[in-house]
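Below is one structure; the comments refer to it alone.
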Amino acid sequence: MPDVFVAKFSQFPDGDRRIVSAGTTEIGVFHWAGQFYAYENLCLHQGGPACEGVMMHKVEDVLGADRTFQGQRFSKDEMHFVCPWHGYEYDVKTGECAADRKLKLKSFEVVRRGEDIYVVAD
Amino acid sequence: MDLPLSDFRKMEVAEFDTSKLLAHASKQAAERGYHRFPIVDVDSHHYETEAIDEILEYMDDPVIQQLARSARQATAKGPGVLSPGGVGYQDMGGRVMRYSVRGLEKTPKDRHRDIHLAQRWMDAIGIDIAIMFPTPMLQLGLHPQVEVEVALARAYNRWLCERVLAHEPRIRSMLYLPFNDADASYKMVQEFGATKGVVGFMVTSARYRPVHHNSYMKTYALLEEMNLPLAFHAGYNWNDQTVGMMNKFISVHALGFVFYNMVHLANWITNGLPERFPKLKVLWIESGLAWVPFMMQRFDNEYMMRSSEAPALKKLPSDYMRDMYFSTQPMEIKDLGMLEQTFRMLKADTQLLYSSDYPHWDFDLPSTIYDLPFLDETAKRNILGGNAMRLFNLDMPVGKMAAAE
């Protein structure tokens, strides 16, 4: 299958995402922290559009030196995208399910040719 | 609309369309050939508070109606004095987006908005008939004013029958029973039991009234006589002192949606209600299935030692449970071996009824049943629709009749 055009680089700002089709396969392409990532838009749970939901940093517990609970914060490094059907969260850099890292979305290579961003569909 | 995200970011959402959200569900329905057999969803929801102004038109009590209208005007956010409220965030902080953006969805004006919305998700998922329940009213049994529960229940039931059920045969309901007033519950069955679209009655489980109280017997007898099933719909109550010890909604939901049904089912059996009302069909909704083997094993074991405390029973508690009906969602599907044993224990082939719970956050698609490797085709079809059609005496949907033949 030929590579699938995603967007012009200048029209795909950091923090944004696109959904493209490669035949019958839907692919979510993310531009995050200077890198591009692409995953099949199919949640491993019940088949929802995993790449179409909100993007939320991982929530972390803050513990004191004495192991007491001090509160919560958003991670500075780990970003998740969330399936809008049921809330399954995936690590945008790996496609791993945040709740069970053994589960991983099918990933695709993203390439830049000049100003154009492509997904290598197969 | 801007959705608030982490790190002070926002996500702009301009429109929302249920059919688009559920496009993958439509694909599943086509791939699995759901058109070949009926699918009945015994637990789905709408947001009745969005039609509260219409519902208040049906409220008899002029003082409560005025209070509600006044409170609504003051807050412009909800039904005011009608809802006991409660802390909770089923939408996971906006991660399940449809809670926040459903108001953006456009519907034609020719029929009620709730009918249009239901048709969209039913068509997308592949459901022929849906039994519809309210959402915020699931906590109405916790309202401290019994008269408010009665007034709102009757207004809602009248509104639902006239504005929704009368106009769409694919939508049915088990009407809300104001269970904190036993006499009012009895009258509700008398008044609405034979109304078009009404296939039974429902008790919201989150409340503090024991089901074995003598005041309910005439209602059970009437339901039995009219051959109308009685459902207990689970709910949570973070204000309960025991539940309040849990500081995470995941815990409140995981245990809370089972707890009240466990209490009611325990009372139902140990007080011999299945023997007193042997033809009354009882359905337990939205507690998942994992609690069923627990209750069966726990009560069978104790009954063998303490049968003197439940002298009305003529067989094991688990045998009575196998005469009852259970809805599937939210089905615990992580361990297929355990799930298979659960299906066996509760006689899933005849007693289990598919439910989606759509549009709530933990909805289940028909594929959660259809894709189970340990079910044959007949069992799949029974659970997805056949059992419910028999329980509720439903007619085969016209479109499915030809396909089934």
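Just so it is clear, none of the values below were taken in a lab; they were calculated from the coordinates. Every value quoted in this text rests on a predicted model; they were computed, and no experiment measured them. So basically every Cβ, Gly included, is an ideal-geometry build from the backbone, and we count neighbours across all protein chains shown.
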Once amide hydrogens are built 1.01 Å from N within the peptide plane, the residues lying 5 or more places from A:Lys93 or on another chain with amide H under 5 Å from its amide H are A:Met79
Rounded to one decimal in nm, the spacing of the 7 Å Cα→Cβ label points at B:Phe374 and B:Lys347 is 1.9
Helix-derived [θ] at 222 nm for the protein assembly as shown: sum -39500 (n - 2.57) over DSSP H runs of at least 4, divide by residue count, nearest 500?
-9000 deg cm²/dmol
Low-density loop positions, GluC sites (Glu not before Pro), region B:318-378 - DSSP coil, at most 15 other Cβ in 10 Å:
B:Glu332
Mean 1/r over distinct Cα pairs of the protein assembly as shown, inverted to a Kirkwood Rh in Å, yields 24.9
When the Karplus curve 6.51 cos²θ - 1.76 cosθ + 1.60 is applied with θ = phi - 60°, which whole-Hz ³J(HN,Hα) does each residue of region B:33-50 get, with x for Gly and Pro?
x, 5, 5, 7, 8, x, 10, 10, 9, 8, 8, 10, 9, 10, 9, 5, 5, 6
Return B:Cys161, A:Cys83 ranked ascending by Cβ neighbour count within 10 Å, so the fewest neighbours appear first.
B:Cys161, A:Cys83
Once amide H atoms are placed 1.01 Å from N in the peptide plane, what residues at a sequence separation of 5 or more from B:Val199, or on another chain, have their amide H within under 5 Å of its amide H?
B:Ser173, B:Met174, B:Leu175
With 10 angstrom as the radius, rank B:Tyr325, B:Tyr99, B:Tyr260 by how many other C-beta atoms surround their C-beta, starting from the fewest.
B:Tyr99, B:Tyr325, B:Tyr260
Who wins for biggest fluctuation among B:Thr378, B:Thr204, B:Thr195 in a Gaussian network model of chain B, springs between alpha carbons below 10 Å?
B:Thr378
For A:Phe108, other-chain or 5+-apart residues with amide H closer than 5 Å (H placed, Pro excluded) are A:Ala38, A:Tyr39
Under 1.5 on a/c is rounded, so check that first for region B:1-105, then, if it is not, pick prolate when a/b is larger than b/c and oblate when it is not; a ≥ b ≥ c are the square roots of the alpha carbon gyration tensor eigenvalues.
oblate
Note down the nm distance, to one decimal, between modelled labels 7 Å out along Cα→Cβ at B:Thr195 and at A:Glu115.
6.3
In region B:331-362, the trypsin sites (Lys or Arg not before Pro) that fall in loop regions by DSSP, at most 12 other Cβ within 10 Å:
B:Lys334
Rule-of-thumb check for chain B: C-alpha Rg over 2.2 N^0.38 Å?
0.97
Could you tell me which of rounded, prolate or oblate describes region B:79-192, using a ≥ b ≥ c as the square roots of the eigenvalues of the alpha-carbon gyration tensor, with rounded for a/c under 1.5 and, failing that, prolate when a/b is larger than b/c and oblate otherwise?
oblate
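Please give the contour-minus-distance gain from B:Met338 to B:Gln90: 0.36 nm per residue of separation, less the Cα-Cα distance, rounded to one decimal in nm. Walk me through the numbers on the way to the answer.
Details: separation 248, 0.36 × 248 = 89.28 nm, distance 2.69 nm.
Fully extending the segment from B:Met338 to B:Gln90 adds 86.6 nm.
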By what distance, in whole Å, do the Cα atoms of region B:275-344 stretch along each of the three principal axes, largest value first?
39, 27, 17
Are there chymotrypsin sites (Phe, Trp or Tyr not before Pro) in region B:171-231 that DSSP marks as loop and that have at most 16 other Cβ atoms within 10 Å, and which are they?
B:Tyr208
Region B:7-51 and region B:215-247 have their Cα centres apart by a whole-number Å value of 28
In Å, what is the Rg of the alpha-carbon atoms in region A:4-120, and how long is Dmax?
15.7, 55
proj_area_mean for region B:225-345 (convex hull on C-alpha atoms), units nm², value 8.5
What is the spin-label model distance, in nm, from B:Met226 to B:Phe8 if the labels are put 7 Å beyond Cα along the C-beta direction?
5.8
Can you list the lysines whose alpha carbon is less than 30 Å from that of A:Lys58, not counting same-chain residues fewer than 8 positions off?
A:Lys8, A:Lys76, A:Lys93, A:Lys102, A:Lys104, A:Lys106, B:Lys10, B:Lys20, B:Lys248, B:Lys334
Would you calculate the convex hull of the Cα atoms in region B:232-283 and tell me its volume per residue in Å³?
71
Just checking the protein assembly as shown: which Cys have no other cysteine's beta-carbon under 4.7 Å?
A:Cys51, A:Cys97, B:Cys161
